[in-house]
Amino acid sequence: MSSLSAPYLHDEATAHEFVESVLWPNGAICLHCGGAERVTKVKANPEKRIRVGLWRCGDCKKQFTVKVGTIFEDSKVKMHLWVQAIVLMTASKKGISSHQLHRTLGVTYKTAWFMEHRIREAMRSGALAPFGAGGGAVEVDETFIGHDRTIKPKGEKKGRGYHHKHKVLSLVDRDTKQVRSMVVDDLKSETLAPILRENIAKEARLMTDEASQYKPIGPEFAEHGVVRHGAGEYVRSDDKTIHTNTIEGYFSIFKRGMKGVYQHCGKQHLHRYVAEFEFRYNNRIANGVDDQGRARLALAGAVGKRLTYARPD
């Protein structure tokens, strides 16, 4: 049976039940007063305009649905279409464009674009645990993507180099197989050093290329392994563990998706695209997460994360 034939992807009532099972694993909770003892489900009745998935709290006498306080709140899009969008975005290794999504779901392009940004918001983890705890290796590198119009406005000659491009810094923990990325304004040592201090444990083995911005911060860790890409070195001959090949592999997926699928991205939205690729990489088959599990994790992250058309950044 196809993974896209599941009942919750096509029936509105079943979709609500599926979302409720993920967000309320211990049963329905009133989203107004927090009560759980006297919560009852209201039977849907289209003739009386009683919508699917409606609940009533006997304590505060208010009604609510599982959408309240999530990325789905105030959305007129059917819940089963929301779940379809989550499944498609989490199962597509390099993403799915808003144009493709609007054709697949039968919604407008504007709606599909906004749905994708809400789902990306749900994918943002906000994890703070430092990488490399216990002395593990952490690879750090940066990549450049797109055209930062805050530096070079439209129509102005771009020129050579990377100064006019968006800059993304990423870290990979080899032991946990997790990646953490952030958009940065520049690649100066004074900009990157605080980021590395906050995200990497002191006992970690830092792995970078020969870029000068990492030299001042390198001695603060247990080891700073350097490979010289400019000299054609990609793995240190005297120590095969010193390389940045893992992070380069992640960047290859990220850039193929950004260039081949999304093609254009403004700086105000880039952090959310970065979170999307980070989420799929961290929750991949190699880490024991299949497509269904990945969709459930994204759905679980929908709580407390709202975006509006008036303020989508």
Close pairs from the stretch 55-79: first in contact (Cβ under 8 Å) with a residue 12 or more places away in the chain, partner open to solvent by less than 30 Å² (accessible area, probe 1.4 Å) and polar (S, T, N, Q), Cβ under 8 Å, at least 6 apart: W55/T65; K67/S75
Subset tally (residues that are open to solvent by less than 50 Å² (accessible area, probe 1.4 Å), of a type in the set (S, T, N, Q) and assigned to a strand (DSSP E or B)) for the stretch 176-209: 2
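Where in the stretch 245-313 are there helices (runs of 4 or more DSSP H), lying wholly inside it, with at least 1 residues that are aromatic (F, W, Y)? Before you say what the answer is, go through the steps one by one.
Values: elements: 245-257, 267-282, 291-300.
Answer list for the stretch 245-313: 245-257, 267-282.
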Test: residue in the stretch 39-55 that is over 29 Å from the mean Cα position of the chain (by Cα), closer than 22 Å to V77 by Cβ and open to solvent by less than 30 Å² (accessible area, probe 1.4 Å): yes
Single residue of Y281, Y262 found to be at pLDDT below 95, surrounded by 14 or more Cβ atoms within 10 Å (Cβ to Cβ) and in contact with a helix residue (DSSP H, G or I) (Cβ under 8 Å, 6 or more places away or on another chain): Y262
Test set (1) part of a helix (DSSP H, G or I); (2) aliphatic (A, V, I, L, M); (3) surrounded by fewer than 20 Cβ atoms within 10 Å (Cβ to Cβ) - I29 fails condition number: (1)
Some residue of the stretch 216-232 being part of a helix (DSSP H, G or I), modelled with pLDDT under 95 and closer than 21 Å to G132 by Cα: no
Tally, over the stretch 65-99, of residues that are open to solvent by less than 30 Å² (accessible area, probe 1.4 Å), β-branched (V, I, T) and over 24 Å from F277 (Cα atoms): 3
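The values are calculated or read from the model by the stated rules, or taken from the named source; none is laboratory data. What you see is a predicted model; the values in this text were computed from it and never measured. With ideal geometry, Cβ positions are generated from the backbone for all residues, glycine too; neighbour counts draw on all protein chains shown. Accessible surface is based on the protein model in full, side chains and every heavy atom, while ligands, DNA and RNA are left aside. Shrake-Rupley method; radii C 1.70, N 1.55, O 1.52, S 1.80 Å.
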